[in-house]
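Q: Dropping the structure in here first, questions after.
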Amino acid sequence: MTPLRLNPVDLVSCRVVWRLVTELFVAACGAELPAAMARRRPHCHMRQIAMYLSHVMLSLPYQTIAAAFGLDRTSVMHACAVIEDRRDDLAYDRFIERCERCIMAVFQPFGQPHGGR
């Protein structure tokens, strides 16, 4: 089996997403997020959100995200499923959408108009 070659830019991108999620989570924790979520293990939850957004917004494969976060590929798959399930909550979904907008603002190629995909 050939070892997976990881793009260092992809690894750094995952870490940037995690930092953005952390900042947004801390800023919103008391105001917008459901109380039950705010009481959960925040570090683990922020990491799950960051893994989900790295996959959904940056189209990075599970294996790359796993390497960036020091986890197994199946842990990333589980995190993505957990976040997708939680998006049924309206307040939670609004928070994830805000994270998505911030990620697009950071990673959208220069010269592209803002607001559209």
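The values are calculated or read from the model by the stated rules, or taken from the named source; none is laboratory data. This is a predicted model, so every value here is computed, not measured. A quick note on method: Cβ atoms are made from the backbone with ideal geometry, for glycine too, and the neighbour counts reach across all protein chains shown.
Q: Can you work out which of the residues in the stretch 1-50 that are among the β-branched types (Val, Ile, Thr) and at pLDDT 75 or above is surrounded by the most Cβ atoms within 10 Å (Cβ to Cβ)?
A: VAL17
Q: Could you check CYS80 against (1) surrounded by 14 or more Cβ atoms within 10 Å (Cβ to Cβ); (2) part of a helix (DSSP H, G or I); (3) at pLDDT below 95 and say which number it fails?
A: With respect to (1) surrounded by 14 or more Cβ atoms within 10 Å (Cβ to Cβ); (2) part of a helix (DSSP H, G or I); (3) at pLDDT below 95, CYS80 is out only on (3).
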